[in-house]
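The values are calculated or read from the model by the stated rules, or taken from the named source; none is laboratory data. Note that the structure is predicted; figures quoted are calculated from it, not measured. Neighbour counts are summed over all protein chains in view; Cβ atoms, including those assigned to glycine, are modelled from backbone coordinates with ideal geometry. For the accessible areas, the whole protein counts, side chains as well, though only heavy atoms, and no ligand, DNA or RNA atoms are used. Shrake-Rupley method; radii C 1.70, N 1.55, O 1.52, S 1.80 Å.
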Protein chains: 2
Amino acid sequence: MSIQPVLIDGAWRASCGSKTFQALNPATQTALPDVYPVSPLSEIEAAVQSAARAAREVSHWPGERFARFLERYAERIESRAAELVSLANQETALPAEPRLARAELPRTTSQLRQAAAAAREGSWLRPIIDTKANIRSVFGPIGPVVVFGPNNFPFAFNGISGGDFAAAVAAGNPVIAKGHSSHPGTTRLFAEEAAHAARETEMPAGFVQLLYRTDHADGERLVSHPLVGATGYTGARETGLVLKAAADRAGKPIYLELSSINPVFILPGALSERASTIADEFTTSCLMGTGQFCTNPGLIFLVAGPEADAFLAAVREKFGAAPVGTLLGEGVLQHLERNVAALRAAGAELVAGGQTGGGKGVSYRNTLLRVSGDKFLAGARELQTEAFGNSSLFVFARDAAQLKELAVVLDGNLTGTVYSATDGRDDALYQQIEPALRGRVGRLLNDKMPTGVAVSPAMNHGGPYPATGHPGFTAVGLPASIRRFTALHCYDNVRPERLPAELRA
Amino acid sequence: MSIQPVLIDGAWRASCGSKTFQALNPATQTALPDVYPVSPLSEIEAAVQSAARAAREVSHWPGERFARFLERYAERIESRAAELVSLANQETALPAEPRLARAELPRTTSQLRQAAAAAREGSWLRPIIDTKANIRSVFGPIGPVVVFGPNNFPFAFNGISGGDFAAAVAAGNPVIAKGHSSHPGTTRLFAEEAAHAARETEMPAGFVQLLYRTDHADGERLVSHPLVGATGYTGARETGLVLKAAADRAGKPIYLELSSINPVFILPGALSERASTIADEFTTSCLMGTGQFCTNPGLIFLVAGPEADAFLAAVREKFGAAPVGTLLGEGVLQHLERNVAALRAAGAELVAGGQTGGGKGVSYRNTLLRVSGDKFLAGARELQTEAFGNSSLFVFARDAAQLKELAVVLDGNLTGTVYSATDGRDDALYQQIEPALRGRVGRLLNDKMPTGVAVSPAMNHGGPYPATGHPGFTAVGLPASIRRFTALHCYDNVRPERLPAELRA
């Protein structure tokens, strides 16, 4: 049995660890053939030391150098697209077409190219020159960046090809990628192409490295290592909070995308006006990708009454008629089972689904729950438990006034949505809800489900804790996402020839 | 005995707490007459609730409103300048002239006016409009900000008048100021003027509030309160780290300025060329304000040899001849005694001073220590203990190559300085030291001591941990310092009339 090597210091080398793991095909529930290593601490240390050397070597390189690497890498990914799509499909059960091949892969290469453009164009540097005081400042790289990718986007958020990777490289930082254990093969293919592209564009040895897995305690050591600049983590809240605590203790920035249930307020006028359209939009959004999106609408607020009842009945029918998708893996299923049970224990009633099975392989029936506004206010913490997957909770407010109270008790989320009537009759209520909702979400939407996260310079894929660790940063959208992986460098009375090029004015 | 009231929800009210404290005059070592309360949790809760109401009320106000308040406040401070200077002098022993009256007070009102200009001009908002995707984003206020001011700048960093206060208000955030216990009277005078200015400019009741002191556990509750947006803290490392841990656990941003020893590398050519000038500059910088600056040069690196010995001898003579200043208080003295002892225990030898007394009131002799580069490398952690005050440690490197090794083991600092020869003979060595030093400091200086922190848009008064909590932010310099107290607000498909003005394009 051969064990896949790790990518450290510019070379694929056999891991010195003794533990291994294999990925499972969630559709067939069988193990995939390749065996991957769990990297021990010595391997982590070697990666960090190499990354630190690389960081020093590239510290004065122009953005053009990083842009060339990112672009070459995007080309290489495209030349291996069929293999990537096939393996990712086996490892995640996400549909090859259109999801992986026509949506996520182009999104990934587009992100890399947008990051290249941002590196070349350099607006993220924000140079400030005070000639009178002879003081200048500019943003610069923060140092080696560790990226933990999630299970649900094997391409676009992968630790070695996704948005965090692209943003960290654009700022001139070496990346140590930690692959997600559910799709190590996909990650390996990316890493092979990244390594080739790095060599072709003459990046230093430790600029791009890959570890498939570490023990939890070693993961904590990695994010708090004195030579690490920052960490990007997308994934489950529990693991993320353990890493955050370790990084925080060491004073190391860590950017997290942890969990979000994405509240949607459907105001009474909108419901009267276009219930059927909204039911369609909601069903599509909630079940897309078997609900496994960070921006899945998991919490719907309505004012109780016959129209709300009819709306829920219509959605229930659609949920029953829709096919049940395959989940990303056993872990997602267990999490979903546990958290639907937690919502029920907190007072939510089951309206549809709530049982394992119903689809191919690892699956869980399309699920709807409901609870009253009074109960939600009384158990706001428990009733905001994220049931990641094809499940959503409807909250029936006593009246319009209670909708506002409900907005006030919301946790931090990536998104918050309000559907309102087009004729203005919901406008006064909108004005009451908006200030509370605005402060609790990164992206506020009108009349549109939140699932899609456009790679737009204006996007904010972020939000207050516990959605992320800081409400001032976005994980998607260039050049804004680069800002996370930068440090502010000030030059006071530094001789002109020693200044970075952009400060020599 | 009457106890000073606290400023909560727009009114001066008697504290409901039972504990009190008084400030000491460090020059006379006697208690000052006024008695101040320690606020209990119920008072903290009242302040937070009021601040949260104020935050919602002003959430859509234009920058002009905050600018008017800041400007009126600056005027009121000026009209009460004599009283402020006199009381601050009694509470801190900092010289009334020129320090308090001619340097720090004008700096403070200038900061408030610069913050007003930044609020009015609005460049910190950074609106981004993607008309094609119909997505827009803009920075907005983060929510109520708690500001803990330090002991060493009773005006310019005071929780209710300093840089953090000005930056938080400019972004439209209410402030809950926590005064420093060493100068409560100064803080009270500011708060009186702030309250007047707030009323005159029609700010809501809880926009500016003041608590003099809390128990430590209550301070932790304050920074981690669900309704608090962020905290700014300048002060001792120990207390700051306790607050940081509490805020981190709650996912609340906290900006810290904790400690910095500000390494200065004097390269061999510079020493040959102008040792006497550098000795003068160093002595002035190190003893100014009795060394009680965050940017005090506390660590000097030289290459061992006769010139370095002569340099140290010259500095020793100057330190002996210079008057010994009064320290800010007993706490500073005890910290200095303890940490000079810690440096000696770690292998540093005393060259001058090292004893309590020598000046008026609370004082400690002007102190110099020395250690070899080998010992520094072996005990780098202990030998980077901050001895805040009129003390500095000289490190004698074996040779030029060791200087580079020394730069690599440095902790994060606010500043790092290199003196080099004007004729180019140090340039190769500079190039070797710079990449390591650059990554460890917020502000890199050439040929100039770091003590002065100009209020320049290009300033970075920040740096990697443990100098601060994040290397991407500055506490001084407008509009850059505002960025800490903002959240990123994205609007996706939001109807035009509901957008903030700056996104309606």
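Remarks
- Selected residue (criterion: most open to solvent (accessible area, probe 1.4 Å)) from residues of segment B:427-443 that are in contact (Cβ under 8 Å) with a residue 12 or more places away in the chain and farther than 30 Å from B:D164 by Cα: B:Q432
- Residue check, B:V418 surrounded by fewer than 23 Cβ atoms within 10 Å (Cβ to Cβ) and out of contact with any His (no Cβ under 8 Å at 6 or more places or on another chain): no
- A:V494 vs. criteria at pLDDT 95 or above, more than 7 Å from chain B (Cβ to nearest Cβ), open to solvent by less than 20 Å² (accessible area, probe 1.4 Å) and part of a loop (DSSP other than H, G, I, E, B): no
- Qualifying positions in segment A:272-286 - of a type in the set (A, V, I, L, M) and open to solvent by 10 Å² or more (accessible area, probe 1.4 Å): A:A275
- Residue within segment A:81-88 that is surrounded by fewer than 18 Cβ atoms within 10 Å (Cβ to Cβ), in contact with a helix residue (DSSP H, G or I) (Cβ under 8 Å, 6 or more places away or on another chain) and of a type in the set (S, T, N, Q) present: yes
- Residue count for segment A:474-491, restricted to those that are at the interface with chain B (Cβ under 7 Å from one of its Cβ atoms) and either part of a strand (DSSP E or B) or of a type in the set (A, V, I, L, M, F, W, C) (or both): 6
- Residue in segment A:450-468 that is at pLDDT 95 or above, among the hydrophobic types (A, V, I, L, M, F, W, C) and out of contact with any Cys (no Cβ under 9 Å at 6 or more places or on another chain) present: no
- Flag if B:G477 is surrounded by fewer than 19 Cβ atoms within 10 Å (Cβ to Cβ), in contact with a helix residue (DSSP H, G or I) (Cβ under 9 Å, 6 or more places away or on another chain) and at pLDDT 95 or above: no
- Failed item, numbered, when B:R504 is tested on (1) facing chain A (nearest Cβ under 8 Å); (2) open to solvent by 40 Å² or more (accessible area, probe 1.4 Å): (1)
- Residue count, segment A:104-127 (criterion: open to solvent by 60 Å² or more (accessible area, probe 1.4 Å) and farther than 29 Å from A:M288 by Cβ): 4
- The set of residues from segment A:179-194 being in a helix (DSSP H, G or I), open to solvent by less than 10 Å² (accessible area, probe 1.4 Å) and not aromatic (F, W, Y) comprises A:P184, A:G185, A:T186, A:T187, A:L189, A:A191, A:A194.
- Out of A:V6, A:V58, sole residue that is under 29 Å from A:S224 (Cβ atoms) and in contact with a Leu (Cβ under 9 Å, 6 or more places away or on another chain): A:V6
- Some residue of segment B:152-168 being crowded, with 24+ Cβ neighbours inside 10 Å, of a type in the set (S, T, N, Q) and part of a helix (DSSP H, G or I): no
- Contact map, segment B:415-426: first residue at the interface with another protein chain (Cβ under 9 Å from one of its Cβ atoms), second residue β-branched (V, I, T), Cβ cut-off under 6 Å, separation 6 or more or different chains; pairs are B:T415/B:T295; B:T415/B:V441; B:T417/B:V264.
- Complete set of residues in segment B:236-255 that are basic (K, R), in a helix (DSSP H, G or I) and open to solvent by less than 50 Å² (accessible area, probe 1.4 Å): B:K244
- Condition check for B:N390: open to solvent by less than 40 Å² (accessible area, probe 1.4 Å), away from every other protein chain (no Cβ under 12 Å) and at negative phi: yes
Yes or no, residue by residue, for (1) within 14 Å of chain A (Cβ to nearest Cβ); (2) assigned to a helix (DSSP H, G or I); (3) of a type in the set (V, I, T):
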| site | (1), (2), (3) |
| --- | --- |
| B:G361 | no, no, no |
| B:A380 | yes, no, no |
| B:E386 | no, no, no |
| B:E405 | yes, yes, no |
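- Scanning segment B:256-277 for residues that are more than 14 Å from chain A (Cβ to nearest Cβ) and part of a helix (DSSP H, G or I), we see that the one that is nearest to the chain's Cα centre (by Cα) is B:T277.
- Selection within segment A:108-135 - within 13 Å of chain B (Cβ to nearest Cβ) and either modelled with pLDDT under 95 or over 19 Å from A:A171 (Cβ atoms) (or both): A:I129, A:D130, A:T131, A:K132, A:A133, A:N134, A:I135
- Qualifying residue in segment A:344-361 (condition: within 23 Å of A:T451 (Cα to Cα), modelled with pLDDT of 95 or more, surrounded by 24 or more Cβ atoms within 10 Å (Cβ to Cβ) and not β-branched (V, I, T)): no
- Single match in B:E64, B:E78, B:E43, B:E71 (criterion: within 22 Å of B:Q22 (Cα to Cα) and charged (D, E, K, R)): B:E43
- Looking only at segment A:444-472, and only at residues there that are under 21 Å from B:P471 (Cβ atoms) and touching a Leu at 6+ places or on another chain (Cβ under 7 Å), the one that is surrounded by the fewest Cβ atoms within 10 Å (Cβ to Cβ): A:G472
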